[in-house]
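Heads up, the thing below is written out as structure tokens.
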Amino acid sequence: MHYLHRYAQHALDIVFPLRCAGCQASGYILCSACKATIRQLTAPLCWHCGHALPVNGSCQSCQQHFLQLSGLRALGPYQEPLRGYIHQLKYDGNTRLAQPLGQFLALAYRTYGMHADIMLPVPLHAQRQRERGYNHAALLARVCAGLLGVAVREDLLLRRHATSAQVGLKVDERYQNVATAFDCAHVAATNVLTGRCILVIDDVCTTGATLEACAAPLFAAGALSVWGLVLALT
Ligand SMILES: [Zn+2]
Ligand SMILES: [Zn+2]
């Protein structure tokens, strides 16, 4: 396994020589100057869904659809340059970016004063994961959980069936598309989730449909709370 990992790293070094994903400076995955240009959400934020609040206004996102999640927090808005880094991690095979982006998730966790007993990445369907070779959310969760000393479990929540891509769907269609996609029935009898504070990790949250669909079976299996933490909110 160790050998395989080194081999994979070597192959990665050839395909992607160590260059900053933002400015191409050599020797960095993401240089400090480019990290500093990532916009972070700033107060006032909605206590529930984590969206930026309008001045003297109530949360429009919660008014449109109040999430059943215990709460949601994000590092920043879904805009450049963060959007580009997420795209490189997810679609271009630049898995190294999980390191700095996972660090940003850990920073957000601390900044927002979050608490979790267990972190779970949003699972990919097995077939999608085979095609892509990795689950970007799992890479992020491993880095983030490692830095925070929180347990990360990739075996508790399964993606029961592949869903069509959420891009281009309306809000209702997004909810229908993923409503029954996730399952933790295989561990429900073990009480591993009973009374635990769960944090679900993903890269982007658009309508919350995916995180809501993850939360339902976790609550059903006895989770005390299910929060979401993502890099970016659209
Ligand atoms: Zn840079
Ligand atoms: Zn809200």
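The values are calculated or read from the model by the stated rules, or taken from the named source; none is laboratory data. Quick caveat: nothing in here was measured; it's all calculated off a predicted structure. Counting neighbours? That spans all protein chains shown, and the Cβs are built from the backbone with ideal geometry, glycine included.
Counting only helices (runs of 4 or more DSSP H) that sit completely within segment 114-189, those holding 1 or more residues that are at pLDDT 95 or above and either within 16 Å of Ala215 (Cβ to Cβ) or outside the structural domain of Glu212 (by TED's automatic domain parsing) (or both) correspond to 136-148.
Restricting attention to segment 84-109, the residues being in contact (Cβ under 8 Å) with a residue 40 or more places away in the chain, within 29 Å of Leu53 (Cα to Cα) and over 13 Å from the mean Cα position of the chain (by Cα) number 3. Whether a residue is over 19 Å from Leu69 (Cβ atoms), among the hydrophobic types (A, V, I, L, M, F, W, C) and crowded, with 18+ Cβ neighbours inside 10 Å was assessed, and Leu218 does not pass this test. Would you say Leu30 is under 18 Å from Gln88 (Cα atoms), at pLDDT 95 or above, touching a helix residue (DSSP H, G or I) at 6+ places or on another chain (Cβ under 8 Å) and not β-branched (Val, Ile, Thr)? Spelling it out, Leu30 is indeed under 18 Å from Gln88 (Cα atoms), at pLDDT 95 or above, touching a helix residue (DSSP H, G or I) at 6+ places or on another chain (Cβ under 8 Å) and not β-branched (Val, Ile, Thr). What are the pairs with Cβ atoms under 9 angstrom where one residue, in segment 50-74, is over 25 Å from Leu107 (Cα atoms) and surrounded by 12 or more Cβ atoms within 10 Å (Cβ to Cβ) and the other, located anywhere, is at pLDDT below 95 and among the β-branched types (Val, Ile, Thr)? Sequence gap at least six, or different chains. Filtered contacts from segment 50-74: His65/Val171; His65/Thr207.
For segment 82-106, filtering for residues that are over 19 Å from Ala145 (Cβ atoms) and among the small types (Gly, Ala, Ser) leaves 2.
For segment 7-23, taking the residues that are more than 24 Å from Leu105 (Cβ to Cβ) and either of a type in the set (Val, Ile, Thr) or surrounded by 11 or more Cβ atoms within 10 Å (Cβ to Cβ) (or both), the one that is farthest from the chain's Cα centre (by Cα) is identified as Ile14.
For segment 36-44, the count of residues that are assigned to a helix (DSSP H, G or I), under 16 Å from the mean Cα position of the chain (by Cα) and either within 16 Å of ligand 1 (Cβ to nearest atom) or within 29 Å of Leu224 (Cβ to Cβ) (or both) is zero.
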